[in-house]
Amino acid sequence: MKMIKNLSFIAAFAALLIITSCGSDDSDTPESSASVTFDGKVYQKPSDNEIAYIEFSVNDETSFSIGGDVVNGTDTLNFTVRVPNLNVATYTKSSNGDEASISISPSNGSTYTTDVFGSETDNSDYEIRITEVTDKTVSGTFTATVQSFNDEATKEVSGEFVAIDFASFFDF
């Protein structure tokens, strides 16, 4: 009888170890997050989407795009923050020009951006702060006056994000 109690205890302890250790085995990729305030509405990352970043290289110039979809009820907004490198730094339009930018694309409206090439007037401005960079994530905040391609109207936008490496998201 004592042996059955010992085996029961060992089986229960082993089951507890298995249950508590399985929670994080599937991936060591951190959770992404984002919050964007645009046109007076706060948009949040839905649980089934990822906020990610990807590296682009064109003509020996590298840039990183950080972005994803955020929602407010049934409204969806896509945001993209582009920076020339992933270092803890602050990028402003006055010091970085078009090498960094912010674009906002509501599902039910015009695209707004700080990269208004070809426009007769440029009323856009931005500040992008990269606050933390790890081997799998980049975190930061941004504020901007973004301008519409269509009619040169401007809107205020701000946000914060934790973006995961696009490659780590797909286990490359």
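Just so you know, all these numbers are worked out from the coordinates, no wet-lab data involved. A quick note: this is a predicted structure, and the numbers were derived from the prediction, not measured. No Cβ is skipped: glycine too gets one built from the backbone with ideal geometry, and neighbour counts run over all protein chains shown.
Here are some notes:
- Prolate/oblate/rounded label for the stretch 27-167 (Cα gyration tensor, a/c 1.5): oblate
- Sequence of PHE142, PHE64 once ranked by neighbouring C-beta atoms within 10 Å, starting from the fewest: PHE64, PHE142
- GLU120 sits among other residues whose Cβ lies under 13 Å from its own Cβ, and their net charge, with Lys and Arg +1 and Asp and Glu -1, is -3.
- Placing dummy labels 7 Å off each Cα toward the beta-carbon, the span from GLU132 to LYS41 is 3.0 nm.
- Across the stretch 151-159, rounded Karplus estimates of 3J(HN,Hα) from the backbone phi angles (6.51 cos²θ - 1.76 cosθ + 1.60, θ = phi - 60°) give 10, 6, 5, 10, 9, 8, 9, 8, x Hz, Gly and Pro being marked x.
- Counting every other Cβ atom within 10 Å of each residue's Cβ, THR145, THR134 order from fewest to most as THR134, THR145.
- When GLU160, GLU31 are sorted by how many other C-beta atoms sit within 10 angstrom of their C-beta, beginning with the fewest, the order is GLU31, GLU160.
- For the pair SER57 and THR143 in one chain, pulling the backbone fully straight at 0.36 nm per residue adds 28.4 nm over the alpha carbon distance.
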